[in-house]
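Just below is one structure, and these are the notes that go with it.
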Amino acid sequence: MNILLLSMPDVDGGYLPSAMLPPNLGLCSLAGNLDGRHRAVIADLVLKRKNVKAALDEALAASRPDFVGISALTFQYDSAVRTAKFIKGVNPRIPIALGGYHATLMHREIASGPDAAYFDFIFRGESDLSFNEALDIYESGGDMAAVRGLSFKRKGRFVHNPPRPLEDLTSIRLPDRRPRLWKGYQVIGLPFDMAETSRGCLMQCNFCNIRNMYGRSFRKFEMSRIVEDIARAKKLGTKGLVFTDDNITLDIGHLENLCEAIIGAGLTDIAFGVQASPKGIASSPRAVDLMARAGFKFVYLGIENKFSRNLRNLKKGHRPDDSRKAVRLLRDHGIAVSGGLIIGHPDDDRRNVEENFAYLKELEVDFAAVQLLVPYPKTEIREELKKGGFLVNENDFKRYNGRKANVRTKHLSRDELSYYKYRFAKLYFKPRTSHQFRVLMSNFKLLYQFFGLGAFSRLAKLAVLAYAEQLRNAFLTEREQYAKHISLETILNKFNI
């Protein structure tokens, strides 16, 4: 059968499409685990945001699908419904499946609601193997009840098969990136891709839905498989690779082995990035040294909050001192640090929000990644916020992208919380010329090696655009500037489907 695999065009509120266009690794894993009877076309709509309708027409014509699979995060779910509706309007006989985190967590609500009219299947949990299994049974006219982890329609109503046990990772073949219909994944012009070395997490963080996807588990892929996947991505032209692991520092020995394997395979000419916990990084100076030698250039560090009470509220497993040590270790080894914070806890007031921004500046992180607390479906913190009356947007999931608050605190309304995030980000992270110059010079060789002279032209273009925006904003009041910032939430993710 011909299979069309689609990811949604919506972007997270933490970055702009001009700076980052990420690929969907999960769809590549589905394609890599299809048998010879099926041919996949992968269409990442994030690459075609300006005209999604035309992109869908192109994807349908290129694939001539017998089956369509759609992957969507929570804030992308609205686009997934509209995409499915569009495809059904073109050909109502094409079966459409929905998968991913949101589908896994909300399958019963979707199946019993009005959106069920646009989906024929819902894949829950890991679908690397169950997707091909379902396609084979569907094509042969067999009983779909045999596929564990699948919800399917029988006589117009959804039937939910029993959950599927976690897969043995040795049985999952490498992702196949070749069926991608379009090119152009980049971070500030650097061609980049995604890879994974492990799945799951043993931490108890109550704002995360990883445990609802994988249970409380941590599984590692074989190192030979990981190295082969990196080498394949390199052959396809990637110059940067971000590991999507849920918590790669949970087993610090695994991270050290990964670095040694990359060095041994001669793959250090790729710029690697990863998200990590402060506790894990702080625990092993050796691991950080190996990361630098292996070619790691960027770490998203889950600092989460300055205050111990909020770390306890999130059920995080590290202390503020871990964050200080981790940032220092990474920066001393020339690895850029993006400091991740979550604000919007029930006890937060204006002072708490400002002190968190001041904390990031004190730590001297290279980039700030401050998120508003998002009450994702089925998480423990969502229920706590709802019970306490702090959840102010329960069902409009397209707003769950981190740009505008969906919660209030004891002291701040939703609008005040969003406003102070915007205000203090401007105050504490306005351009710091000497700091940015140091970061640029320390990465000069990297920029030139991977980008060539084109790096500077692209960076210069982004700088000019940012400066022009600052000039335009100079004639606006601070509240008018904030209103313009918030309006990007609608402008960024408004599509013609």
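Computed quantities for the displayed model
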item	result
Fraction of antiparallel bridges per DSSP, the chain only, in percent to nearest 5	30 percent
Relative contact order %, the range 39-148, counting alpha carbon pairs below 8 Å whose residues are six or more apart	20 percent
Sorted by Cβ density within 10 Å, fewest first, the residues Asp115, Asp321	Asp321, Asp115
Amide hydrogen neighbours beyond the local backbone of Leu241, cut-off 5 Å, H modeled	Asp193, Ala271, Phe272, Gly273
With at most 16 other Cβ atoms within 10 Å, longest stretch of the chain clear of loop GluC sites (Glu not before Pro) (DSSP)	1-221
Diffusion coefficient, µm² s⁻¹, Stokes-Einstein with Kirkwood Rh over alpha-carbon pairs of the range 143-299 at 4 °C and 1.567 mPa s	74 µm²/s
Cross-link table Lys279/Lys398; Lys279/Lys421; Lys50/Lys426; Lys386/Lys426; Lys85/Lys494; Lys53/Lys153, entries beyond 21 Å C-alpha to C-alpha	Lys279/Lys398; Lys279/Lys421; Lys50/Lys426; Lys386/Lys426; Lys53/Lys153
Hydrodynamic radius of the range 46-148 per Kirkwood, over alpha carbon pairs, in Å	14.4 Å
Rounded to the nearest 20 debye, dipole of the chain from Cβ charges on Lys, Arg, Asp, Glu	920 debye
Positive-pole candidate from Gly36, Leu60, Val90, dipole of the range 30-90, charges at beta carbon	Val90
Sparse-neighbour loop sites [trypsin sites (Lys or Arg not before Pro); the range 31-119; at most 15 other C-beta within 10 Å; DSSP]	Arg37, Arg93
Computed [θ] at 222 nm, deg cm²/dmol, the chain (DSSP H ≥ 4; -39,500 (n - 2.57); rounded to nearest 500)	-13000 deg cm²/dmol
Burial ordering of Met144, Met8, Met203, fewest other beta-carbon atoms within 10 Å first	Met144, Met203, Met8
Residue-wise HN-Hα coupling along the range 389-403, computed from phi with Karplus coefficients 6.51, -1.76, 1.60 (Hz; x: Gly, Pro)	x, 9, 7, 10, 9, 8, 10, 8, 5, 5, 8, 8, 10, x, 8
Rg in Å to one decimal, and Dmax rounded to a whole Å, for the range 95-183 via C-alpha atoms	13.7, 40
Hydrodynamic radius (Kirkwood) for the range 183-444, which is based on Cα pairs only, to one decimal in Å	19.4 Å
Virtual spin-label span in nm between Asn395 and Lys426, 7 Å along Cα→Cβ	3.5 nm
The range 314-414: trypsin sites (Lys or Arg not before Pro) in DSSP loop, at most 12 other beta carbons within 10 Å	Lys410
Part-to-part distance (alpha-carbon centres) for the range 216-263 and the range 9-79, which is given in Å	24 Å
Angle in degrees between helix 252-264 and the longest Cα principal axis of the chain, rounded to the nearest 10	80 degrees
Three principal axis lengths of the chain [C-alpha, angstrom, descending]	65, 54, 42
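Read-outs: derived from the displayed coordinates by stated rules, not from any lab. Because the structure is predicted, anything quoted here is derived from the model rather than measured. When we count neighbours, we look across all protein chains shown, and the Cβ atoms used for this are built from the backbone with ideal geometry, even at glycine.
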